[in-house]
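Q: Once you've had a glance at the structure underneath, I'll fire off some questions.
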Amino acid sequence: MIELKTAAEVAAMRVAGRVVATALERVWKAAEVGVTLLELDEVAREVLAEHGAGSSFLDYQPGFAPTPFPAVLCTSVNDAIVHGIPDGTRLRDGDLLSIDFGAHVNGWHGDSARSFVVGTPDPADLLLIETAERALAAAIAVAIPGNRLGDIGHAVATVARGGGYGIPGDFGGHGIGREMHEAPSVPNEARPGRGLRLRPGMVLAIEPMLHAGGDDYTTDPDGWTLRTTDGRRAAHVEHTVAITDDGPQVLTAL
């Protein structure tokens with residue numbers, strides 16, 4: 001069942017969204033050459049504590065995962081697409097890092113992700129990230145009442161495929177609210193004009209994931225980290241977006 005949120009509930013979700021945006025900004029500033037992924041996780045934990053917020057990720061265990069997620073932040077480096085678990089790995093010059101973070105405040109969740117290069121960037125990585133961001137912007141632009149879920153997936157895929165990038169077919173966005181993952185699933189590739197009709201009060205986490213290579217991916221032995229099969233790099237960006245009569249509202253922007 002899809003839960004439609006009231007204007008007051010969307011406003012409550014925006015509070016959680018601001019915590020998420022603050023954490024991602026703080027982690028981005030801390031992500032320097034030599035810093036460990038666990039140190040970045042600690043930065044995100046500090047933001048949660050400062051705002052009296054809870055982690056949407058810590059101890060979360062969806063059906064595909066063999067164990068609960070052990071951190072508050074996902075840190076996916078280079079060929080890791082999503083769900084990377086923070087560890088003692090130190091960031092190196094030129095690493096492409098995708099960070100994904102979720103928080104809940106007073107029972108309402110926010111979820112967002114961003115990708116960037118640490119240190120000296122490779123122009124190819126910057127183009128990959130820029131294309132992922134354009135795909136997200138295109139998807140948000142069509143997240144309006146009367147359109148359909150397929151229009152969101154079509155917007156993402158048009159930008160991604162137009163840039164020559166791959167998309168992991170089994171993973172995409174999701175509804176969000178009192179739970180981090182709610183109905184409906186939000187595809188990153190779909191036919192326009194198909195699927196569930198968008199209605200005011202729906203809140204969606206829209207999250208393009210782009211590979212510099214093909215669509216195929218593998219799962220690490222940890223059961224969480226998705227990785228490109230050809231070792232090429234990936235980027236992941238995401239916002240929590242409310243569908244309203246006044247147009248899409250991004251709830252995870254500062």
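Q: Quick one: what pairs do we get from region 184-195, first residue within 18 Å of PHE171 (Cβ to Cβ), second among the hydroxyl-bearing types (Ser, Thr, Tyr) and open to solvent by less than 40 Å² (accessible area, probe 1.4 Å), C-beta under 9 Å, 6+ apart or different chains?
A: The qualifying pairs do not exist here.
Q: For residues that are open to solvent by less than 20 Å² (accessible area, probe 1.4 Å), more than 16 Å from THR22 (Cα to Cα) and part of a loop (DSSP other than H, G, I, E, B), tally how many sit in region 58-75.
A: Restricting attention to region 58-75, the residues satisfying the condition of being open to solvent by less than 20 Å² (accessible area, probe 1.4 Å) are 65, 69, 71-75.
Keeping just the survivors that are more than 16 Å from THR22 (Cα to Cα) gives 65, 69, 71, 75.
Going one step further and asking which of them are part of a loop (DSSP other than H, G, I, E, B), we end up with 65, 69, 71.
Final tally of qualifying residues: 3.
Q: Given ALA141, ALA183, which one is within 30 Å of ASP79 (Cβ to Cβ) and among the small types (Gly, Ala, Ser)? Reasoning before the result, please.
A: Values: ALA183 fails: within 30 Å of ASP79 (Cβ to Cβ).
Sole residue among the options that is within 30 Å of ASP79 (Cβ to Cβ) and among the small types (Gly, Ala, Ser): ALA141.
Q: Counting just the residues of region 16-35 that are in contact with a Phe, Trp or Tyr (Cβ under 7 Å, 6 or more places away or on another chain) and within 18 Å of SER56 (Cα to Cα), which one comes out surrounded by the fewest Cβ atoms within 10 Å (Cβ to Cβ)?
A: Restricting to residues being in contact with a Phe, Trp or Tyr (Cβ under 7 Å, 6 or more places away or on another chain) and within 18 Å of SER56 (Cα to Cα), the top hit is LEU24.
Q: May I pose another question? Considering only residues that are more than 21 Å from ILE206 (Cβ to Cβ) and in contact with a Gly (Cβ under 7 Å, 6 or more places away or on another chain), which ones fall in region 122-144?
A: Of everything in region 122-144, just one residue is more than 21 Å from ILE206 (Cβ to Cβ) and in contact with a Gly (Cβ under 7 Å, 6 or more places away or on another chain), namely ASP122.
Q: Now a separate question. Taking VAL117, is it closer than 26 Å to VAL10 by Cβ and among the β-branched types (Val, Ile, Thr)?
A: Details: closer than 26 Å to VAL10 by Cβ: no; among the β-branched types (Val, Ile, Thr): yes.
Criteria not met by VAL117.
Q: Here's another thing I want to ask about it. With the requirement that a residue be open to solvent by 10 Å² or more (accessible area, probe 1.4 Å), in a strand (DSSP E or B) and more than 19 Å from LYS29 (Cα to Cα), what does region 76-112 give you?
A: HIS104, VAL105, TRP108, HIS109
Q: Being in contact (Cβ under 8 Å) with a residue 60 or more places away in the chain, over 14 Å from the mean Cα position of the chain (by Cα) and open to solvent by 10 Å² or more (accessible area, probe 1.4 Å) is the filter here; which residues of region 113-137 pass it?
A: Applying the first criterion (in contact (Cβ under 8 Å) with a residue 60 or more places away in the chain) to region 113-137 yields 113-116, 118-119, 124-125, 128-129, 131-133, 135-136.
Checking which are over 14 Å from the mean Cα position of the chain (by Cα) leaves us with 118-119, 124-125, 128, 131.
Selection gives GLY119, ALA124, ASP125.
Q: Using beta carbons and a limit of 8 Å, which pairs, at least six apart or on different chains, have the first residue in region 40-51 and open to solvent by less than 10 Å² (accessible area, probe 1.4 Å) and the second one β-branched (Val, Ile, Thr) and not in a helix (DSSP H, G or I)?
A: Pairs found: LEU40/THR75; LEU40/ILE99; ASP41/VAL72; ASP41/THR75; ALA44/VAL72.
The values are calculated or read from the model by the stated rules, or taken from the named source; none is laboratory data. This structure is a prediction, so every number in the text was calculated from the model and none was measured. Don't worry about glycine lacking a Cβ; one is built from the backbone with ideal geometry, like all the others, and counts go over all protein chains shown. In case anyone asks, the SASA skips ligands and DNA or RNA and just uses the protein heavy atoms, side chains included. Shrake-Rupley method; radii C 1.70, N 1.55, O 1.52, S 1.80 Å.
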